[in-house]
Amino acid sequence: MEATQDPRRWAALAVLLVATLLSILSVFISNVALPVMRADLAASAGQAQMILAGYNLAFGLFLVIGGRLGDLYGIRRVFLIGLALFTAASGASGFAPDPASLIGARSVQGLGAALMIPQVMSFIQAHFAGKERGTALGAYAAVGGFGSVVAQLLGGWLIEADWFGLGWRAIYLINVPLGMIAVLGAIRLVRERIAAPQGDRRPDLAGAVLLTVALSALLFPLALGQDRGWPWWICLPLAASPLAGCLFVRHQRRLEADGRRQPLVSVSLFRRRSFAAGNLLILLFYANNAVLFIAMPLFLQAGSGMTPFESGLVFAPLALGFALTSMRVGKLAASRGQRTLIAGCLLLGAAYLLFFALNAAFAPGMSGYEWIPAALLAGVAMGFVSAPLNVLTLAHVREDEIGTASGVVTAGVEIAYALGTVAGGMIFFSIADAGAGYMSAFHGAIGFNLLLVLGMLALIRNVREPERQAVPASPD
């Protein structure tokens with residue numbers, strides 16, 4: 001797809017990046033608000049987990065389909081539908097009367113994000129070329145870093161400001177006017193773009209349904225089982241999950257062998273060791289992040305008595321360390337990817353041990369601010385892992401497969417967040433509700449993360465760096 005010189009392309013990109021920022025804020029801003037939302041809605045432990053995980057699960061499951069729909073029906077049209085859905089669901093989240101309503105609204109919000117976010121990358125590909133494309137991609141990455149840094153502080157500030165008595169509801173309702181402005185801007189500035197037809201490009205809806213059933217049958221029982229006292233029937237959906245997963249894989253293989261329709265996931269990609277191992281690493285790494293992101297605010301607010309804004313101040317160094325380090329480390333990803341990954345995992349393990357040490361040194365009277373060095377180190381470590389992990393996972397994928405493979409990686413990140421949120425919440429709440437205390441609950445969560453780090457270290461040797469091009473000798 002050749003880039004076209006639309007004179008309004010930069011203004012249109014600004015509108016698309018506003019929508020991107022809203023989707024990123026909705027991931028991180030909810031973490032800092034979770035303790036307040038749980039108390040206000042009388043949400044159970046499982047419901048609290050699904051308030052966060054529902055967004056990531058819907059986002060990850062339908063991300064690839066969102067990209068296909070953009071190719072089929074047009075970037076502008078699908079983006080506007082996704083943004084309108086996201087904005088409406090944000091309003092429904094802000095006015096949710098109970099936990100079930102909030103979980104449903106958040107899931108629809110994730111679906112809207114899955115429709116609109118792939119169109120941003122497609123727009124950049126279609127309307128920018130050369131150095132301009134690099135600048136546009138850099139702006140996209142910068143929005144991601146900025147969103148992760150500012151979300152916790154913004155969420156804490158909005159909750160404490162308590163505009164019109166809205167409390168935590170403001171973190172979602174603020175999306176409504178901003179989303180409406182972005183809709184109007186997109187209608188005026190974004191040009192329609194439909195990809196040239198290339199065979200049967202209909203999205204694999206059957207595959208999406210099977211994958212949704214497989215993951216939902218796993219996540220919902222694990223999240224809600226503790227609330228119900230782990231009844232015997234909770235095993236039924238857990239047993240159905242691997243069955244639906246096997247049916248999904250068979251369906252994907254059949255579509256890929258047939259060749260007439262593109263599957264949701266090209267199973268043949270996983271025959272490459274680097275791609276398969278890289279996606280396992282992505283699962284462990286981003287699940288690890290999600291565990292920390294749910295456990296930190298819960299301990300700081302419910303355990304240490306911090307306000308949401310104070311909790312955001314402790315978290316902000318982590319996000320800032322990640323944003324700054326990931327930008328710098330990206331240059332090392334191709335040449336020293338494995339060593340950078342190992343360094344990042346070791347630093348991440350050291351950060352978790354530092355959490356333990358700080359807790360031992362300052363408990364029981366710690367304020368929470370003592371965590372800032374450990375949070376900063378964890379963010380730096382995550383920056384060391386993130387960029388090379390993406391590069392190494394895609395290093396041995398063919399040029400004609402890069403779009404599909406990138407979609408799998410991006411969807412995998414969101415699904416990993418959903419899995420990690422449920423795992424982290426299950427560990428934290430089961431320990432805290434058993435009467436062991438919030439400090440023990442946090443220790444259990446980061447102890448689990450240490451096991452994930454060990455798993456990452458064991459997998460790293462299976463991802464290979466890109467083959468280096470031989471430099472021709474200069475003629476004498």
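The values are calculated or read from the model by the stated rules, or taken from the named source; none is laboratory data. Just so it is clear, the model here is predicted, and its values are computed rather than measured. Positions of Cβ are generated from backbone atoms using ideal geometry, with glycine treated the same way; all protein chains shown enter the neighbour counts. Ligands, DNA and RNA are stripped out before the accessible areas are found, and what is left, the full protein with its side chains, is counted by its heavy atoms. Shrake-Rupley method; radii C 1.70, N 1.55, O 1.52, S 1.80 Å.
Quick look at the values:
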read-out	value
Nearest-ten-degree value, helix 205-224 long axis tilted from longest Cα axis of the chain	10 degrees
Longest segment of the chain lacking trypsin sites (Lys or Arg not before Pro) that sit in a DSSP loop with at most 16 other Cβ atoms within 10 Å	9-190
0 to 90° range, to nearest 10: angle between helix 372-393 axis and the chain longest Cα axis	30 degrees
Once the Cα gyration tensor of the range 155-260 is diagonalised, semi-axes √(5λ) in Å	37, 32, 7
Two-decimal Rg to Rh for the range 340-409 - Kirkwood Rh, Cα set	1.24
Relative intensity, log₁₀ I(q)/I(0), of the range 68-155 from a Debye sum that treats every alpha carbon as a point, q = 0.16, 0.18, 0.20, 0.24 Å⁻¹	-0.78, -0.92, -1.02, -1.13
Candidate residues H127, H396: accessible-area rank, largest first, probe 1.4 Å	H396, H127
The range 49-79 versus the range 125-180: alpha-carbon centroid distance in Å	18 Å
Positive minus negative residues near L41 (Lys, Arg vs Asp, Glu; Cβ under 11 Å)	0
The range 109-153: radius of gyration and largest Cα-Cα distance (Dmax), Å	12.4, 36
Share of carbon and sulfur in the accessible heavy-atom surface of the chain [1.4 Å probe, %]	66 percent
Probe 1.4 Å, protein heavy atoms only - accessible area per residue of the chain in square angstrom	42 Å²
Whole-Å distance, taken between Cα centres, linking the range 223-269 and the range 433-459	27 Å
Rel. contact order, % - alpha carbon contacts under 8 angstrom, at least six apart, the chain	22 percent
With at most 12 other Cβ atoms within 10 Å, longest stretch of the chain clear of loop GluC sites (Glu not before Pro) (DSSP)	193-466
The range 10-151: relative contact order in percent, alpha carbon pairs under 8 Å with at least 6 residues between	35 percent
Folded to 0 to 90 degrees: helix 45-73 orientation relative to the chain principal axis, Cα	10 degrees
Cα gyration tensor shape of the range 8-90, rounded if a/c is under 1.5, else prolate or oblate by comparing a/b with b/c	prolate
Alpha-carbon Debye profile of the range 239-386, log10 I(q)/I(0) at 0.17, 0.19 Å⁻¹	-0.96, -1.07
Cα-based equivalent ellipsoid, the chain: semi-axes from gyration tensor eigenvalues, Å	33, 27, 24
